[in-house]
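**Student:** Dumping the structure here so I can ask a few things about it.
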Amino acid sequence: MNVTKTPLKGCFLIEPILFEDGRGYFFESFNKEKFNKETGLDVNFIQDNESFSNKGIVRGLHFQKGEFAQAKLVRVVAGKVLDVVVDLRINSETYGKHFSVILSGENKKQLFIPRGFAHGYSVLENNTLFTYKCDNYYNKESEGGIIYNDATLNIDWNLLDTEVKLSEKDMQLPNF
């Protein structure tokens, strides 16, 4: 696995090593020992989640607060998304900054998102399957969010405004 630091401290882009032959390919999607060694972190993932969406769906920006904050390792099994993270750590030198990357079933890239970040993604292809690992359990009372089109963050979601589809809940999220 190749691990690259992003401009946001503690957030890493992970590219697996693919083994391809006439049958197809194989890769190790996660190895705790290698992950910990390459990132310098000791993360204990305890929950896996999966979502299926079509083009135009925007999920996020979401986060968990306090003792229920979550670190995540996200990837796309099939399809393509623009994955976006926002640093919410008040004492961080990159507080309020965001980073985005294309994750797809084709490029097999993964993004590690530390605790203290908001996370969201826009779906760029139909039939997209998105999966992620969390290091803490979800707690409804601890959830928070930021509206996807916040003017301060000014995130380009790689979709036209007319293509964006949000859940009722995400339409009600506050500004940054």
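**Student:** Have a look at Ser92, Ser100, Ser142, Ser104 and point out the one that is at pLDDT 95 or above, out of contact with any Cys (no Cβ under 8 Å at 6 or more places or on another chain), closer than 17 Å to Phe52 by Cβ and of a type in the set (Gly, Ala, Ser).
**Tutor:** Testing whether each residue is at pLDDT 95 or above, out of contact with any Cys (no Cβ under 8 Å at 6 or more places or on another chain), closer than 17 Å to Phe52 by Cβ and of a type in the set (Gly, Ala, Ser) leaves just Ser104.
**Student:** In addition: With the requirement that a residue be in contact (Cβ under 8 Å) with a residue 12 or more places away in the chain and at positive phi, what does the stretch 2-25 give you?
**Tutor:** Selection gives Gly10 alone.
**Student:** Also, I was wondering about something else. What are the pairs, 6+ residues apart or on separate chains, where a residue within the stretch 158-176 that is assigned to a strand (DSSP E or B) has its Cβ under 8 Å from a residue that is at pLDDT 95 or above?
**Tutor:** Filtered contacts from the stretch 158-176: Lys165/Gly56; Lys165/Ile57; Lys165/Val58.
**Student:** Looking at the stretch 122-136, which of the residues that are among the charged types (D, E, K, R) and in a loop (DSSP other than H, G, I, E, B) is surrounded by the fewest Cβ atoms within 10 Å (Cβ to Cβ)?
**Tutor:** Here the residue is Glu125.
**Student:** Now a separate question. Name the strands (runs of 3 or more DSSP E) wholly inside the stretch 1-67 in which the number of residues that are among the basic types (Lys, Arg) is 1 or more.
**Tutor:** Correct list: 2-5, 58-64.
**Student:** Please verify whether Asn107 is closer than 21 Å to Glu38 by Cβ, among the polar types (S, T, N, Q) and not in a strand (DSSP E or B), treating the condition exactly as stated.
**Tutor:** In short, yes.
**Student:** Restricting to the stretch 48-85, name every residue that is among the acidic types (Asp, Glu) and buried (at least 21 other Cβ atoms within 10 Å of the Cβ).
**Tutor:** Asp83
**Student:** Can you name every residue in the stretch 137-168 that is in contact with a helix residue (DSSP H, G or I) (Cβ under 6 Å, 6 or more places away or on another chain) and surrounded by 15 or more Cβ atoms within 10 Å (Cβ to Cβ)?
**Tutor:** Within the stretch 137-168, Ser142 is the sole residue that qualifies.
This table checks each residue for (1) touching a strand residue (DSSP E or B) at 6+ places or on another chain (Cβ under 7 Å); (2) within 21 Å of Ile14 (Cβ to Cβ); (3) of a type in the set (Val, Ile, Thr).
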{"position": "Val86", "(1), (2), (3)": "yes, yes, yes"}
{"position": "Ile113", "(1), (2), (3)": "yes, yes, yes"}
{"position": "Phe117", "(1), (2), (3)": "yes, yes, no"}
{"position": "Glu141", "(1), (2), (3)": "no, no, no"}
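**Student:** So the check is Cβ under 6 Å with 6+ separation or different chains; which pairs have a first residue in the stretch 26-53 that's free of Cβ contacts under 8 Å to residues at least 24 places away in the same chain and a second one that's surrounded by fewer than 11 Cβ atoms within 10 Å (Cβ to Cβ)?
**Tutor:** Between residues of the stretch 26-53 that are free of Cβ contacts under 8 Å to residues at least 24 places away in the same chain and residues that are surrounded by fewer than 11 Cβ atoms within 10 Å (Cβ to Cβ), the close pairs are Phe26/Phe19; Asn36/Asp42.
The values are calculated or read from the model by the stated rules, or taken from the named source; none is laboratory data. Just so it is clear, the structure is predicted and the values come from calculations on it, not from any experiment. Backbone-built Cβ (ideal geometry, glycine too); neighbour counts: all protein chains shown.
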